[in-house]
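Just below is one structure, and these are the notes that go with it.
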Amino acid sequence: MVARWQLGGKIPTLLVGAASVAAVLLTAAILFETRWTPSRDAQTWVSAGVRVVMSAMSEKGGIPLATVPNPGDRLLGGLLSPDFDDSSCLSRYRASLYRQASLHALSPHLVSGLRRYESLHRLCAPGTPAYARAVERLRAASPNASAGDGADPSGARCNYLVWTPNAGLGNRILSIASGFLYALLTDRVLLLHSGSRHDLDGLFCEPFPGSTWILPEKDLPGHEGLGIRTNESLGNTLRRGEALGGAPWLYVHLLHNYYAQDKLFFCDDVQAELARVPWLVFQADNYFVPALFLIQRHERELARMFPRRDAVFHHLGRYLFHPRNTVWGMVTRYHGSSYFAQADERVGIQVRVFKWAPISTDELYGQILSCAQHENILPGVSVPTRANTTAVGSGTQAPAKRKAVVVVSLYNEYSEKLGELYHEHGGVAGGEVVSVFQPTHLGEQRFGDRQQDQKALAEMVLLSFADVLVTTGVSTFGYVSQGLAGLRPWVLMPPNHGKAPDTPCRLAPTIEPCFHSPPNYDCRAKASGDTGRKVRHIRHCEDFPQGVQLLQS
């Protein structure tokens with residue numbers, strides 16, 4: 001087990017609270033291991049599960065209390081369920097020990113919502129009587145099927161949201177997280193249909209205790225090859241003028257090429273009708289969470305779940321995506337090989353080249369180096385002298401600061417150039433020892449390749465252990481890493497006609513991923529509208545102006 005080396009920094013506390021909610025949290029904390037540790041902030045105290053700070057009530061009365069979890073808490077302040085066997089998924093309770101402590105407030109309303117969801121999932125998941133009845137009705141395609149037909153004798157209502165795969169691993173992770181939030185909001189059970197290639201095998205641990213989120217392949221008959229022309233799609237059903245409520249299932253097409261009628265999914269009146277459809281099957285290659293924040297019926301619940309709108313994926317990602325033991329073994333090996341364990345500061349650099357934005361290796365390397373040195377992420381190089389390596393008046397060498405750099409890319413040229421640069425100067429620059437490591441360099445992305453996906457997931461997780469991140473704009477790979485880390489990255493801006501831009505990188509305004517293909521439709525006006533101009537907390541993305549992302553307004 002690796003010792004926690006990053007406890008040296010203060011962890012600011014965030015209060016938005018009321019005493020009544022605090023009492024609920026304190027009661028919940030007693031259920032966890034009651035181990036008390038002193039806080040570095042003399043004005044706070046820390047119990048095993050929760051850091052709670054009390055202050056005066058607002059003039060308008062209490063508002064929901066959000067807490068910053070204690071960095072030593074294996075359950076992340078109640079985000080994770082304690083109902084798992086540690087050995088079955090080593091990463092679940094250990095990954096947080098390698099990361100910077102989260103500074104992002106966790107709402108008790110989200111915690112309670114997750115516990116409610118887990119109970120519903122346990123009652124309705126594959127292998128339960130309620131699930132068997134729901135599948136039987138689906139196969140029969142009865143027009144009389146309704147939202148409550150799959151009810152368990154205990155009274156549970158079993159409606160389902162089925163995710164189907166599309167695009168690369170980063171896109172898949174973001175679309176699963178988006179689907180899970182929608183399931184939370186609509187009391188549906190999220191199931192993953194990994195397809196005939198079983199693309200998700202060997203990647204993630206089960207996130208919900210006592211149940212599975214994998215849909216048996218045999219239980220979705222005839223639903224392969226779903227697309228924008230699927231007869232049972234939401235868009236095509238609306239185009240035909242048919243009612244939605246009588247359908248036993250509907251397909252929701254949320255890929256980047258969706259039509260105007262498909263985008264009506266994000267309208268309140270359509271959501272009211274969809275509530276009566278027992279099975280929704282969807283495909284997405286986007287992080288469509290920002291559009292959920294524009295659906296009127298979900299506004300209040302989302303505000304209670306996420307008092308800070310800029311940490312949605314941070315919390316959901318840490319809750320859902322735990323690498324299986326095989327992948328976790330890769331992560332820990334990379335961690336040791338990259339000198340992260342011994343470093344004073346850890347830098348992650350994620351490099352992606354897109355066909356639609358070509359740039360030469362030398363030009364991109366220059367952009368990376370310019371960004372890293374201009375923003376003091378990496379030191380400038382110089383020949384070490386006695387003046388900067390020897391402690392004044394001591395006659396002994398002062399220990400140099402150790403900086404470990406992990407480069408994640410399909411190609412090895414960037415890490416080799418950085419490594420050579422600092423190796424030529426003895427690894428020392430500006431009083432810092434810089435080591436450079438790259439876990440893999442696969443050359444090309446192969447969709448659906450299980451071993452490549454395992455390595456990619458391991459690299460995403462490794463990047464999330466960094467203290468500073470440099471990512472490639474528009475890359476979903478980078479979005480996942482920054483979200484898990486809880487860090488605003490320095491984003492490499494897209495090239496300009498094959499050349500590095502004058503501003504090589506910018507600090508992202510949020511840790512939230514970008515929704516690249518927003519609907520740009522005003523449901524109330526029933527006309528086109530700019531999704532990035534409707535509310536203050538949804539703005540156009542820095543790296544992809546057509547997209548939108550959540551901000552803390």
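Computed from the coordinates by the stated procedures, all read-outs in this text should not be read as laboratory data. These figures come from a predicted structure and were not determined experimentally. All Cβ positions, even for glycine, are placed from backbone atoms using ideal geometry, and neighbour counts span all protein chains on display.
Taking a ≥ b ≥ c as the square roots of the Cα gyration tensor eigenvalues, with a/c under 1.5 meaning rounded and otherwise prolate when a/b beats b/c, else oblate, which class fits segment 481-539?
oblate
Rounded if a/c is under 1.5, else prolate if a/b is larger than b/c, else oblate: which is segment 240-301, with a ≥ b ≥ c the root eigenvalues of its Cα gyration tensor?
Taking the square roots of the gyration eigenvalues as a ≥ b ≥ c, segment 240-301 is oblate.
Please give the peptides 323-329, 359-365 ranked by average Cβ packing (other Cβ atoms within 10 Å per residue), highest first, as a rough proxy for protection.
Top to bottom by mean Cβ count within 10 Å: 323-329, 359-365.
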